[in-house]
Amino acid sequence: MLTIPLSLANIHDDNKKTYVQDLRACGAQRVLLTIQEFFEEGEERVKVLENLRRNIAYFEQEGFDVGVWCNTLGYGTRRPEAFHKKFGHCTRITNFEGRTGIDTVCLLNEDFAEEIQRWMIEFAQAGAKLILIDDDLVLSVRPGFTCACEKHLALFSAHAGRSFEREALPGLFTGKPNALRTLYMDLQGQAMTGFCMKLRVAVDQVSPEIRLGLCASYTHFDLEGVELEKMVRLMAGKTKPLL
């Protein structure tokens with residue numbers, strides 16, 4: 001199935017027909033309306049959701065499958081002011097040297113997880129029958145290997161039974177496999193699967209028939225502490241998995 005993404009913000013009444021003509025010309029069967037950041041409140045939030053609702057209905061009437069494509073944890077670039085007003089305090093994804101990713105949120109931030117659950121519910125209520133999560137749902141890459149933030153350090157220390165400083169972590173990843181390395185990666189994976197399950201639970205509040213899928217990043221295949229297939233199936237729930 002040929003799927004074409006369209007930025008929701010760029011769709012207007014005077015260009016909808018042109019989009020439909022172009023989509024048909026290239027043989028597209030599915031449209032993904034992209035919403036990269038969605039931290040507005042009040043009237044602005046209502047406007048975005050109403051625009052989404054109208055465009056989902058419009059492209060469905062034109063014969064396309066329609067979904068929503070959104071990000072979550074951030075790409076390591078500056079996020080909008082609306083994000084900073086709500087989540088400027090959040091713990092950032094952190095590497096072994098203590099460097100943090102620019103505006104990349106660790107998924108152990110419970111209030112941020114609740115916000116993304118809210119997105120899932122509102123997108124589903126707007127009529128999305130498919131929601132695709134972008135490839136920023138990873139703990140690696142920006143800025144480093146996995147996440148060694150204060151929250152993850154505390155979690156690891158609690159399960160290991162002794163206190164660990166960030167500087168000690170690289171030593172776990174040299175030489176032969178060891179129990180602490182396994183524990184560290186298992187905890188990374190548990191955090192990821194827990195986050196994915198929260199998104200699925202949120203979507204199910206509207207309908208268990210809505211598909212929730214993932215856009216893969218390369219670290220999903222070996223560095224996130226959880227098998228990619230498990231992650232995708234958790235997100236899919238009772239629906240057909242989408243990667």
Check your understanding: Near K129, which lysines are there with a Cα under 16 Å away, not counting those fewer than 8 places off in the same chain?
Key -> K238, K240
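Among DSSP beta bridges lying fully in region 8-133, give the percent that are antiparallel, nearest 5. Don't jump to the answer; show the numbers that get you there.
Numbers: 2 of 11 bridges.
Of the beta bridges lying entirely in region 8-133, close to 20 percent run antiparallel.
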Review point. R92's amide H: which non-local residues (gap 5+, or another chain) put their own amide H closer than 5 Å, with H modeled 1.01 Å from N in plane and none for Pro or chain starts?
Key: C106
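With every protein chain present, what is the per residue accessible area of the chain (1.4 Å probe, Å²)? Kindly include the intermediate steps, with their values, before the conclusion.
On the way: 11620 Å² over 243 residues.
Result: 48 Å² per residue.
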Practice item. Kindly write out, for region 161-170 in residue order, the coupling ³J(HN,Hα) from the Karplus curve 6.51 cos²θ - 1.76 cosθ + 1.60 (θ = phi - 60°), rounded to whole Hz, with x marking Gly and Pro. Key: x, 7, 6, 10, 8, 4, 5, 7, 5, x
Exercise for review: Describe numerically, in nm with one decimal, the distance between label points set 7 Å from Cα along Cα→Cβ at M197 and at L243.
Suggested key: 2.1 nm
Check your understanding: What distance in nm separates the simple spin-label points at S7 and T182, each placed 7 Å from Cα in the Cβ direction?
Key -> 4.8 nm
Review point. Using alpha carbons only, what's the Rg to Rh ratio of region 126-243 with Rh from Kirkwood?
Key: 1.04
Revision key, fill the gap. For region 178-243, the Kirkwood Rh over every pair of distinct alpha carbons, in Å, works out to 12.4 Å
Point to revise | When region 36-77 is reduced to its Cα atoms, the Kirkwood hydrodynamic radius in Å | key: 12.0 Å
Check your understanding: Of K16/K198; K16/K85; K85/K230; K47/K86; K85/K198, which ones are farther than 25 Å apart at the Cα?
Key -> K16/K198; K16/K85; K85/K230
Exercise for review: Please turn the phi angles of region 81-90 into ³J(HN,Hα) values with the Karplus equation 6.51 cos²θ - 1.76 cosθ + 1.60 (θ = phi - 60°), one per residue in order, whole Hz, x for glycine and proline.
Suggested key: 4, 4, 5, 5, 5, 9, 9, x, 7, 4
Point to revise | Convex hull per residue volume in Å³, alpha carbons only, for the chain | key: 130 Å³
Review point. What nm distance separates the two modelled labels at E50 and D111, each placed 7 Å from Cα along Cα→Cβ?
Key: 2.9 nm
**Study point:** Sequence-distant residues sharing a close amide H with L33 (under 5 Å, placed H)
**Key:** L6, G67, V68, W69
Practice item. Per residue of region 233-243, in order, report the coupling 6.51 cos²θ - 1.76 cosθ + 1.60 (Karplus, θ = phi - 60°) as ³J(HN,Hα) in whole Hz, putting x for Gly and Pro. Key: 5, 4, 5, 6, x, 8, 9, 6, x, 10, 10
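Within region 154-213, report the trypsin sites (Lys or Arg not before Pro) that DSSP leaves as loop and that have at most 16 other Cβ atoms within 10 Å.
Details: sites: R162, R166, R181, K198, R200, R211; in loops: R162.
Passing sites in region 154-213 are R162.
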Practice item. Please identify which residues in region 35-70 have an amide N closer than 20 Å to a label point set 7 Å out from the Cα of R24, following the Cα→Cβ vector. Key: 55-67
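With the cut-off at 1.5 for a/c, could you classify region 62-122 from its C-alpha gyration tensor as rounded, prolate or oblate? Can you show the working numbers first?
On the way: a/c = 2.33, a/b = 1.97, b/c = 1.19.
Since a/c reaches 1.5 and a/b is larger than b/c, the shape of region 62-122 is classed as prolate.
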Revision key, fill the gap. Counting only residues 5 or more apart in sequence or on a different chain, those whose built amide H sits under 5 Å from that of G213 are I131, L132, I133
Revision key, fill the gap. Filtering trypsin sites (Lys or Arg not before Pro) in region 23-116 by DSSP loop and by at most 14 other Cβ atoms within 10 Å leaves R78, R99
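What's the longest piece of the chain with no exposed GluC sites (Glu not before Pro), counting a site as exposed if DSSP puts it in a loop and it has at most 13 other beta carbons within 10 Å? Working shown, then result.
Working: sites that count: E37, E41, E97, E165, E209.
Free of exposed loop sites, the longest segment is 98-164.
The values are calculated or read from the model by the stated rules, or taken from the named source; none is laboratory data. From a predicted model like this one, the values you see are computed outputs, not experimental measurements. All Cβ positions, glycine included, derive from the backbone under ideal geometry; neighbour counts span all protein chains shown. Each accessible area value is taken on the protein alone, full model and side chains, heavy atoms only, with ligands, DNA and RNA left out. Shrake-Rupley method; radii C 1.70, N 1.55, O 1.52, S 1.80 Å.
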